[in-house]
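In what follows, a single structure is set out as structure tokens and then discussed.
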Amino acid sequence: MPTINLRGAQKNYGVNSANAVSDLDLEIRDGEFMCLLGPSGCGKTTTLRMIAGLENLSGGEIRVGDRVIDSVAEGIFVPPEKREMGLVFQSYALWPHLTIERNTDFGLRLRKLPKAEREARVESVMQALDIAKYRDRYPSQLSGGQQQRVALARMLAVNPGVLLLDEPLSNLDARLRLEMRAELKRLHKEFKTTIVFVTHDQWEAMTLATTIAVMNEGTLQQMGTPNDIYDRPANRFVAEFVGSPPINILSFGKPGVSDIADKAEAYFEACYPKLRGIGSIGMRPEAMGYATKLEDVPQGSFFSEMTVTGVLPTGGSWILELRSENHTLFLTTHALPRVDNGERVFFHVPPEALHVFDAEGQRIVEADTLLRSNTYN
Amino acid sequence: MALLSESTKTQVLGRNPAAAPSAWQAWRYRLKVALREPTTLIGVLTALLFTYLIVVPIISIVLDAVRVQFGHERRLGKDVGDLTLYYLDRAFFSPVASDLFWRPLFNTLTVALGAISLSLVIGTVLAWLISRTDMFGRRWFATALIVPYMLPAWTFALAWTTLFKNRTVGGQPGWFEAIGLTPPDWVAYGRFPITIILALHYTPFVILLFGSALRRFDSQLEDSARILGARRYQVAVQIILPLMRPALLSSMVLIFAKCLGEFGVPYVLGLPVKFEVLSTSLFRSIASRQTGVAGVVAASIMLIGIVTLMIDARLVREARRFVTIGSKGSMNRQSRLGSMRLPATGFAALIFVLSVGLPLLTLALSTVMKMPARFTLDNFTLDYWIGTDLHTVALQTGILLSPELWAAAKNTMMIVGLASLTSGILGLLVGYVVIRTPVRALSVYLRQVTFLPYLVPGIAFAAAYLSLFAVPRGPMPALYGTVTILILALIADQMPYASRAGISAMTQLGKDPEEAAQIAGAGWFRRMISIVIPIQKGSLVTGVLLPFISGIKGLSLFVILAVPSTDVLTTYSLRLVDYHYTQAANAVVLIIAGIAYFGTLLAQKLTRTNLAEGLGS
Ligand SMILES: Nc1ncnc2c1ncn2[C@@H]1O[C@H](COP(=O)(O)OP(=O)(O)OP(=O)(O)O)[C@@H](O)[C@H]1O
Ligand SMILES: [Mg+2]
């Protein structure tokens, strides 16, 4: 499948409503496994449906390779049935009056394949997704997870150039979800299918995707590899959306509101006087360490003394809740914490792990080099 | 991948796709999307069809009321078709206005009000007994007391005449007359029996509507008042009644609208004493070819009907504010009747006997008795059903052997069947277009135009059809006396139910199954045949069956539009009434009642729905 390109794609459902998707530029390259990630209602499903042609555009265009398949300005609209894409619906949308086998078979019949080939392909996808034993049942006689697999099988059978998946794993239990994730990853490798995958589960996105596109309120926030998104969030929204427990944000320019923020501001003024216009900084809980004695705090790092108010085990790691006079922070540690509630500790963050945003919440890119170059010890 | 072979390859140089498209570009794009599939085309075609079948007849009859009709050119000194206030004047202000309009209006209103009051009193008590008490046999009564609604109203009118007919009218005397107790005219005919019969016929409305409101009512509201020290009657008056008001008002309005269009009962029981209501007055104007006056009366009936149902829509909207959401456990607590348990059951049983048992038994007995009210063995005969060589002027065989009955039955099946089938399919199509078309205006128009006949009583609608199709217009030949006009009128009359069924079926289906097929590569026709129609099979069956049942027992449309050669069962039995063939008429009515009753049961069984949802059909 050639590259799919959305340019300035826009969708507005009603005359008086806000744009569900506005001015979206998205490039989905051949063989990519792209995740659309974002909070509920941010326009992920809408984007997927626009690509599939189930939703017409309010503006902009969609191209496949150098062919325009959807454009308001040029008056071109290729209907969904001619786009030859696969879409697995959020609600599965199995046909209630057809058996599992006929559901899987439907697309192939339309393509008028010879019977033998059809049967072979249906058989192989049904085997691959472990639904062959339900072939003569109707969708209402299957569990949610089984239905989801039929929905997948139905699309895989026709081997579409691109597979669009709308939260396909949301109804599975934890174990099945893991299996299906592995299955999807295997399918992606084996068939080299381009996959666009919608989720609001960041871990799903992190573990599956080759590229993640983070959306919020109908606009694209950042597009990049999972590491990019996590290590260099383009703005505060992305920083706060990705990561659990969420990133700790310290807002500058409001003296007295938070003592920790005030300390951070003083730290930046002392160590990085050249950096101006900082609106806020972020510290990932995983990037933070703690020490019980001041001399154990690494040099050059940003630190402050706080009180432990909670130790929450999360299975293999622990979250420490730290409080100062008027600020609460979270910190993750992988070693069994030897501190108790009420104890005073020093948290510390190395400068290269600090995320610096301007007043509009955009990442200050120059800060990254600056913070990294300043080596200590 | 062989993608998009037919899509054009375009130059993209020097163009910014993100720039907002111009209004013309956006419009062209939307048009392209809209015309891509037959949905919009079908929508436009059905919209045109219904404009012709529904809107145009209504406009036509309103115009009849203000334009000079054939035969009046000379008197009015104007040409046919010129505007005139003559008919309005005649119907509203002339010396005959009282006969034509005002007295029938007064009678309609008083009969309706009487029927409403009576059915409210009986209905609320029964609804309460059925849904909130420990009366014996509640569940059985819940179904049994709805039966009058499944039968044609004038079934009861015929039963009444069978019992109470006196010497005022010829033919066989009524049972009371026959045993020497001559009922006075006011008992036998006119306002009194009409009011009673309509009340009994529409009591199920109250039971259904009020009962379902009662069942939704949270007993905790009652309990809180009791705990605060309110007495039983205070709770009833201050808590329950205000909360039930929307349901009560709504059933009142519905009964009123139904009474307005009711023709059979006042025709059978009012005619002998010249007791006229608006529908019979309209019928008389049409029968005497007073087209202009008929237009005025029909338009008046429509206006009253439309206003009434708009009030109802308003009430329903207000009723939403009253919906109380209670905890499930406490919702349907029953009151203990104690020593009143038996008398209460007796009351329900009495109403059942009066509104179902007695009338049906009377009718059934009358069809096997030679002389009324003589219960000796030699008086019983099956001749009226299957006899031959009877010594009567016409109809010399039993009704089941009479070719007229079978002709009428065949007509009924064909006319009602064809109309129901068509309106069922059209209803599904309308539902499809309304839900799917990207053109919003089309969706709104289709939904509203197909609902319009609901606001117009059948008799007025029939008059409208007569006005439009009685004479050739344009390419359309005169249709009066043909089967076609009956079918067209029936289709239009049934569209509100058919389209409502179609819309709700398509809403329930949702977009997903079809979109999934679209993604799989299925075009419009393939999706229709492989996905939409198979899934909607069930609703299609109901969408055909329910109108079929209401069409079979319907009278007011046919009585205006049918001629002897296009007789259906209902008009045939009415003709038998006119000729005083009491037994035969009653037998035909029993056949109709049987079909309607068992048909309703079948429809309920097939769709597992409750009658309450099909209310008003
Ligand atoms: N058919 C519609 N009509 C009007 N508004 C709609 C329609 N579909 C979606 N929207 C609106 O568009 C916005 C984006 O919706 P969308 O379904 O794309 O969100 P989403 O990111 O998929 O959310 P979720 O994660 O909950 O599935 C929402 O604000 C939603 O309310
Ligand atoms: Mg969604």
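The values are calculated or read from the model by the stated rules, or taken from the named source; none is laboratory data. What you are looking at is a predicted structure, and each value in this text was computed from that prediction instead of being measured. Note: ideal-geometry Cβ built from the backbone for every residue, glycine included; neighbour counts use all protein chains shown. Just so you know, the surface numbers come from the protein's heavy atoms only, side chains and all, with ligands and any DNA or RNA stripped out. Shrake-Rupley method; radii C 1.70, N 1.55, O 1.52, S 1.80 Å.
Summary table below
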{"read-out": "In degrees, nearest ten, helix B:341-352 long axis to first principal axis of chain B (Cα)", "value": "80"}
{"read-out": "Inter-chain shielding of A:42-53 (mean C-beta neighbours from other protein chains, 10 Å cut-off)", "value": "1"}
{"read-out": "For residue A:290, residues with placed amide H under 5 Å, excluding near neighbours", "value": "A:348"}
{"read-out": "Peptides ranked, highest mean first, by Cβ atoms within 10 Å: ranges B:275-282, B:341-348", "value": "B:275-282, B:341-348"}
{"read-out": "J(HN,Hα) series, the stretch B:34-49, from Karplus relation 6.51 cos²θ - 1.76 cosθ + 1.60, nearest Hz, glycine and proline x", "value": "5, 8, 4, 10, x, 3, 5, 4, 4, x, 5, 5, 5, 4, 5, 4"}
{"read-out": "List of the stretch B:20-46 residues, accessible area with partners at least 40 Å² below that of the chain alone (1.4 Å probe)", "value": "B:21, B:28, B:29, B:32, B:33, B:36"}
{"read-out": "In degrees, nearest ten, helix B:483-509 long axis to first principal axis of chain B (Cα)", "value": "60"}
{"read-out": "Pairwise label distance in nanometres, residue B:99 with residue B:418, each label 7 Å out on the Cα-Cβ vector", "value": "3.9"}
{"read-out": "Within the accessible area of the stretch B:442-488 (1.4 Å probe), percent carbon and sulfur", "value": "69"}
{"read-out": "Exposure ranking of B:40, B:388, A:219 by accessible area [1.4 Å probe, largest first]", "value": "B:388, A:219, B:40"}
{"read-out": "Compactness of the stretch B:205-304 - radius of gyration and Dmax, Cα, Å", "value": "21.4, 67"}
{"read-out": "Span-like helix ranges in chain A, DSSP H, alpha carbon extent 15 angstrom or more, Kyte mean at least -1.0", "value": "A:100-110, A:115-128, A:144-157, A:174-191, A:259-271"}
{"read-out": "Shape of chain A, Cα gyration tensor, a/c cut at 1.5", "value": "prolate"}
{"read-out": "Net charge of neighbours whose Cβ lies under 12 Å from the Cβ of residue A:19, counting Lys and Arg as +1 and Asp and Glu as -1", "value": "-1"}
{"read-out": "Note, ³J(HN,Hα) from phi for the stretch B:117-125, Karplus 6.51, -1.76, 1.60, rounded to Hz, x at Gly and Pro", "value": "4, 4, 6, 5, 4, 5, x, 5, 4"}
{"read-out": "Relative contact order computed over the stretch A:34-182 (Cα-Cα under 8 Å; 6+ residues apart), in percent", "value": "26"}
{"read-out": "1.4 Å probe accessible area per residue over the stretch B:491-617, in Å²", "value": "36"}
{"read-out": "Heavy-atom accessible area per residue - the stretch B:365-477, 1.4 Å, Å²", "value": "48"}
{"read-out": "Debye intensity ratio in log₁₀ form over the Cα atoms of chain B, taken at each q of 0.10 Å⁻¹", "value": "-0.99"}
{"read-out": "Solvent-accessible area, 1.4 Å probe, carbon plus sulfur percent, for the stretch A:300-377", "value": "52"}
{"read-out": "Whole-number accessible area per residue in Å² for the stretch B:16-120, which is evaluated in the context of all protein chains at 1.4 Å", "value": "54"}
{"read-out": "Overall form of the stretch B:334-436 per C-alpha gyration tensor (a/c, 1.5; a/b vs b/c)", "value": "oblate"}
{"read-out": "Local electrostatic count at residue B:457 - Lys and Arg +1, Asp and Glu -1, tallied over other residues with Cβ under 15 Å", "value": "-2"}
{"read-out": "Inter-probe distance in nm under a simple model that places probes 7 Å from Cα toward Cβ, at residue B:36 and residue B:565", "value": "5.2"}
{"read-out": "Computed log₁₀ I(q)/I(0) - Debye formula, equal Cα scatterers, no solvent, the protein assembly as shown, q 0.08 Å⁻¹", "value": "-0.97"}
{"read-out": "Rounded to whole Å, sorted largest first: equivalent-ellipsoid semi-axes of the stretch B:434-546, Cα gyration tensor", "value": "34, 15, 14"}
{"read-out": "Placed amide H near residue A:279: partners under 5 Å, 5+ positions off or other chain", "value": "A:357, A:358, A:359"}
{"read-out": "Relative contact order, percent, chain A [alpha-carbon distance under 8 Å, six or more residues apart]", "value": "15"}
{"read-out": "Karplus-derived HN-Hα couplings along the stretch B:566-574 (A = 6.51, B = -1.76, C = 1.60, θ = phi - 60°), whole Hz, x at Gly and Pro", "value": "10, 4, 10, 4, 5, 5, 4, 5, 5"}
{"read-out": "Residue A:271 accessible area, 1.4 Å probe, all protein chains in place, Å² to nearest 10", "value": "60"}
{"read-out": "Amide H within-cut-off set for residue B:134, under 5 Å, with H built and near neighbours excluded", "value": "B:335, B:337"}
{"read-out": "Solvent-accessible surface ranking, highest first, for A:217, A:190 at 1.4 angstrom", "value": "A:217, A:190"}
{"read-out": "Values of log10 I(q)/I(0), in the order q = 0.24 Å⁻¹, for the stretch B:149-250 under a Debye, Cα-only, solvent-free model", "value": "-1.17"}
{"read-out": "Cβ-based net charge around residue B:556, under 10 Å, with every Lys or Arg adding one and every Asp or Glu removing one", "value": "-2"}
{"read-out": "Interface burial for B against A (accessible surface, 1.4 Å probe, total of both chains, Å², rounded to 100)", "value": "3900"}
{"read-out": "Contact order relative to length of chain B, as percent, for alpha carbon pairs under 8 angstrom and 6 or more apart", "value": "20"}
{"read-out": "Cα-based shape type of the stretch A:115-188, given that a ≥ b ≥ c are square roots of the gyration tensor eigenvalues and the cut on a/c is 1.5", "value": "oblate"}
{"read-out": "Alpha carbon convex hull of the stretch A:198-287, projected area averaged over orientations, nm²", "value": "7.0"}
{"read-out": "Extension gain (nm, one decimal) between residue B:358 and residue B:388, 0.36 nm per residue minus Cα-Cα", "value": "7.9 nm"}
{"read-out": "The stretch A:181-228: chymotrypsin sites (Phe, Trp or Tyr not before Pro) in DSSP loop, at most 11 other beta carbons within 10 Å", "value": "none"}
{"read-out": "Contour minus Cα-Cα distance for residue B:381 and residue B:22 (0.36 nm per residue)", "value": "120.9 nm"}
{"read-out": "Estimated FRET transfer efficiency (residue B:529, residue A:159; beta-carbon r; R0 30 Å; 0.05)", "value": "0.75"}
{"read-out": "The stretch A:90-124: trypsin sites (Lys or Arg not before Pro) in DSSP loop, at most 10 other beta carbons within 10 Å", "value": "A:112"}
{"read-out": "FRET E, pair residue B:407, residue B:580, Förster distance 25 Å, beta-carbon r, rounded to 0.05", "value": "0.75"}
{"read-out": "Along principal axes, Cα extents of the stretch A:1-86, largest first, whole Å", "value": "36, 30, 21"}
{"read-out": "Estimated FRET transfer efficiency (residue A:117, residue A:228; beta-carbon r; R0 30 Å; 0.05)", "value": "0.10"}
{"read-out": "Alpha-carbon radius of gyration plus Dmax, which is the widest Cα pair, for the stretch A:182-228 in Å", "value": "11.4, 35"}
